[in-house]
Amino acid sequence: MANTNQIREHMEVLGSDGVHVGTVDRVEDTGKIKLTKNDPVSEGVHHYLPTDWIERVDNHVHLKKESSEILAYFKAA
């Protein structure tokens, strides 16, 4: 698992295919990343991603899963 201490508010979150899937609101104590509800992808809802989906963190949060799988996860939640 990546070091969540590197994750900052407003960082862009990308699927493994490089497609934007959200913007960080904050890292929750529950081990999930809370995404902003203002992001167009979120459709006005806070979404949460497990931190074990993180591949790496640089200027962006890069996930191990492709954007289509992540967006399907949002719809199922």
Fill in: Failed condition for Pro50, given (1) surrounded by 17 or more Cβ atoms within 10 Å (Cβ to Cβ); (2) within 13 Å of Tyr73 (Cβ to Cβ)
(1)
Discussion item. Checking the condition at pLDDT below 95, of a type outside the set (Phe, Trp, Tyr) and open to solvent by 20 Å² or more (accessible area, probe 1.4 Å), which residue from Val41, Val57 passes?
Written reply: Val41
Response to the item:
Log entry, pairs with first residue in segment 1-26 being closer than 19 Å to Lys75 by Cα and open to solvent by less than 50 Å² (accessible area, probe 1.4 Å), second being of a type outside the set (Phe, Trp, Tyr) and in a helix (DSSP H, G or I), beta carbons closer than 7 Å, six or more apart or on different chains, reads Gly15/Ser67; Gly15/Ile70; Val21/Val41; Val21/Ser67; Val21/Ile70; Val21/Leu71; Gly22/Val41; Gly22/Ser42
Discussion item. Against the condition touching a strand residue (DSSP E or B) at 6+ places or on another chain (Cβ under 9 Å), modelled with pLDDT of 95 or more and closer than 16 Å to Gln6 by Cβ, how does Val24 come out, does it pass?
Written reply: yes
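The values are calculated or read from the model by the stated rules, or taken from the named source; none is laboratory data. Only a predicted model underlies this, so the values are computations on that prediction, with no experimental measurement involved. Here the Cβ is made from the backbone with ideal geometry for all residues, glycine too, and neighbour counts use every protein chain on show. Please note that ligands, DNA and RNA were not included when accessible areas were found on the heavy atoms of the full protein model with its side chains. Shrake-Rupley method; radii C 1.70, N 1.55, O 1.52, S 1.80 Å.
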